[in-house]
1. Give the residue list of trypsin sites (Lys or Arg not before Pro) in segment 20-110 that are DSSP loop and have at most 14 other beta-carbon atoms within 10 angstrom.
2. With Cα Rg over 2.2 N^0.38 Å in mind, check [x] 1.09; [y] 0.97; [z] 2.85 and report the label derived from this structure.
3. If segment 170-224 were replaced by its equivalent ellipsoid, with semi-axes equal to the square roots of 5 times the Cα gyration tensor eigenvalues, what would those be, largest first, whole Å?
4. Need one word for segment 37-113: rounded, prolate or oblate. Basis is the Cα gyration tensor (sqrt eigenvalues a ≥ b ≥ c); a/c below 1.5 gives rounded, then a/b vs b/c decides.
Amino acid sequence: MSDLPDLAQTLTKAPPRRARTSKGEARRQRLLEVAAQSFLEHGYAGTSVGQIVGQAKGSVATAYQLFGSKEGLLAEVLCRELDVLAGIVFAAMPGEQSAHARPVRSALPLLAQRLLAASLAPRSLAFYRLLTTECERLPKLIADLMAAADDSIYAPLQACLSRAVQRGELAVDDPHQAARLLGYQIQGIAAEARLVADYPATPTVQHRQACEYGVQAFLRAFSV
């Protein structure tokens, strides 16, 4: 587990999606961070754009110009959180170009443990629980977020598996579906953990072991 960053601290305060220096971008990021905290503390229904703007000392007109609506603001908040999560999961180790470029038998266990840990970090847990209460009210937002997850999480996993096939490390006939199989397996472990009140800031030994066992079973199933 030494390859894992301090996810609890990393996800405590999400960085901007893109590095910008303009005052306008700084105001935008301030609105997003205040909105994130408000959604987590008060829920979607209990949060208003006016309340967010007041706390951020911004402009209501600017907020609507940037995000269109409260739903648009939540969508931007969630996409930013997803960017942070993906950046942690696929971060390269020192001397590497990318974490998923290493041999698959060392890459997949690392990526799986990172994904599990990032999914169960306190901030990720809080946003997941927010989404479960709002999914029926905001179906388009959920669909858009799932599409974003395909690009941010499943596409890199698929690329990792495709490279492994090209190197002769695995025999995977459909890397697209295999990536989802692995991701759903990890999210199944996370789903159980999300039901636990006061879940610790990092995955329990039981859940880490289940993740490792699942990855090794996956590798055996597709071994050459």
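1. Sparse-neighbourhood loop trypsin sites (Lys or Arg not before Pro): Arg20, Lys57.
2. Here Cα Rg over 2.2 N^0.38 Å agrees with entry [x].
3. So the equivalent ellipsoid measures 26, 12, 6 Å along its semi-axes.
4. prolate
FYI, it's all coordinate maths here, none of it is from the lab. Only a predicted model underlies this, so the values are computations on that prediction, with no experimental measurement involved. Backbone-built Cβ (ideal geometry, glycine too); neighbour counts: all protein chains shown.
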